[in-house]
Amino acid sequence: MTHPCVVTLDRKSAPRVLFAGDRLVEVDLPAGSRVVYPKQPLAGLKDPDAAIRYAINHPYNSDPLHAKLFPGMKVTIAIDDISLPLPPMKRPDVRERVLTIVLDLLSDHGVDDVEMIIATSVHRRMRDWEVRHIVGDKIFNAYWPKRLYNHDAEDPNGMKSVGETELGEPVVLNRRAVESDLIIYVNLNLVPMDGGHKSVAVGLCGYESLKPHHNPRVMRKCHSYMDPKSSELNTVVVRQGRVANKALNVFTIETTINNNMFDKPLSFLHKNEDDWSGNEKLAFKAMKYALDRTPSHLRQEIFQRVPSPFEITGVFAGETEAVHAKTLERCFEQYCVPIEGQADILVSGVPYISPYNINAYLNPLLVQVMVQGYLHNMYRGNPLVKKGGTVIFMHPCSDRFDHDQHAPYVEFVHRLLPETRDAMVLHKKYEEEFSKNPAYLQMYRKGHAYHPVHPFFMWYWGEAGRQHIGRVIVVGADNEYIPKLLGYETAKTMHEALEMAKDTAPKSPDIMCFHLPPIMMGEVSIPKGAGGAS
């Protein structure tokens, strides 16, 4: 039976509206194409603060939080960073809600030695105004910057070994957290890849602890990053997390949100275009007209700075693995759309935003992450496109970088990729060189740049997609150089791209449009006798 989120187009169907960076583009797809839409947002909790209090007082496989507290103890609270949610949520952010309740509880039990760490791992340092948005004015004013600060994975005195896994994988974490009587991790679980052991074992770690899983060998063994049981990355992180949790006292608080990305004036973007009302069609035309005539940097500003009306759908607390099992159930409930059969040709837009370009432009390396990393991995069961199939996406692929955030990316793209796209060669030949670059390390530690190894991780992130997808065609690129550098073909129009794709597709190809955003996952089943899979 066809799921209501999966629509088969007929000749009367309206054009589909896809993101192409910070623009919206109308695309006519052939009759018979399937369009997959996200589920409607789950209902938010009626009283989130009550749900938070209930969760920390009725935890899974753990004593209640209050029973773990005693006067004079040292407590570290770690907090998910700016990479989620996408876009930022309207205030109060769920992290502010959780922190307010937890800090009051600590105060009531005489716990004064409290520090909060933004768990950035090797992501960029958050700016003060970005931190203020997620923790709120009261907490920010009371704690920033002495007792609320960014993790520094390169601080020579700020990291401490916890041990290693049975396979010799090191677990080196933030010293303050390791030396605390209690670590409370406050998580916002945007997608199933987030949370669980990834919170402490990755969010508070350094480069040495990332190397065992952020490498091409592991990434090639991942069969969907978004389905933890099929992800070799998750397998390694769980081993490290269990070492951390055995040595440390960790209390996990995880929260889930719905996919209500677009506020009321733009809520029609969540709907099937055939169901738009007359007023919604006019609103779209007006918005597209305005965006097409607005300079690029202002379009980016408009989209980046408008927060989303996400609602909290779940709060779970206690022992990490027991908590995360509940979190995953809620995530899959929101995101998974049943799809029967894989596509020969997969079509999608690529929006202006990713976890790694908040308040910056989506540079070419991050476009690759979105296409062969996230888009390819938005499934459980079977990939959206058949092995060797074609992906068509829309984005300008501009040769444009934010030099404050992404300085190492520029050298990676323009010096290394012209030499090779082979992830294993890049890993063995150049990663160590970048990891020790003093200028890049200084920009990471004192500025707002990603760690110098981050562009390598971003290339590895697309490795599973590169191994599976046969061809990638970009529509609407504003240059030929960058797509070619990434290994992509180019087409001026969607019609041209589809005709190109048919050269290597079956006679009557199955065309599927994955209508992102908001976030969704395909739960892909393969009918008996059908080809594909793997």
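Against the globular-protein guess of 2.2 N^0.38 Å, express the Cα radius of gyration of region 397-450 as a ratio, rounded to two decimals.
Compactness ratio reported: 1.18.
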Inverse of mean 1/r across different Cα pairs in region 260-329, Kirkwood, Å = 15.2
key: Residues whose placed amide H lies under 5 Å from that of residue 347, excluding near-sequence neighbours   = 392, 512, 513, 514
key: region 48-257: antiparallel DSSP beta bridges as a percent of all, rounded to 5   = 20
query = In Å and whole numbers, how far do the C-alpha atoms of region 374-468 stretch along each principal axis, longest first?
reply = 44, 28, 26
message = I'd like to know which of 486, 302, 8 lies farthest towards the positive end of the charge dipole of the chain, counting +1 on Cβ of Lys and Arg and -1 on Cβ of Asp and Glu.
response = 8
inquiry  = Taking R0 as 30 Å, what FRET efficiency do you get between residue 306 and residue 421 from their Cβ-Cβ distance, rounded to the nearest 0.05?
reply    = 0.25
note = Dividing the helical contributions, -39500 (n - 2.57) per DSSP H run of n ≥ 4, by the residues of the chain yields a 222 nm value, nearest 500 deg cm²/dmol, of -9000 deg cm²/dmol
key: Over region 95-193, relative contact order from alpha-carbon pairs under 8 Å, at least 6 apart, %   = 26
ask   = Based on the alpha-carbon gyration tensor of region 15-56, what equivalent-ellipsoid semi-axes (square roots of 5 times the eigenvalues) come out, in whole Å, largest first?
value = 39, 14, 7
query = Roughly speaking, what % of Cα-Cα pairs in region 393-534 are separated by over 21 Å, rounded to a whole number?
reply = 57
query = Looking only at GluC sites (Glu not before Pro) in DSSP loops with at most 12 other Cβ atoms within 10 Å, what is the longest site-free stretch of the chain?
reply = 180-418
note = With a Förster distance of 35 angstrom and the Cβ-Cβ distance between residue 272 and residue 293, calculated FRET efficiency to the nearest 0.05 equals 0.80
Fraction in percent of alpha-carbon pairs per bin - 20 Å, the chain = 22, 57, 20, 1
ask   = In whole angstrom, how far apart do the alpha carbon centroids of region 266-324 and region 230-262 sit?
value = 27
request  = Would you mind listing how long region 48-257 runs along its three principal axes, going by Cα atoms, in whole Å with the largest first?
outcome  = 47, 36, 34
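Taken together, the values in this text are just the output of simple stated rules run on the coordinates, not laboratory data. Everything numeric in this text was worked out from a predicted model, so none of it was measured. As a convention, Cβ positions derive from the backbone with ideal geometry for all residues, glycine included, and neighbour counts pool all protein chains shown.
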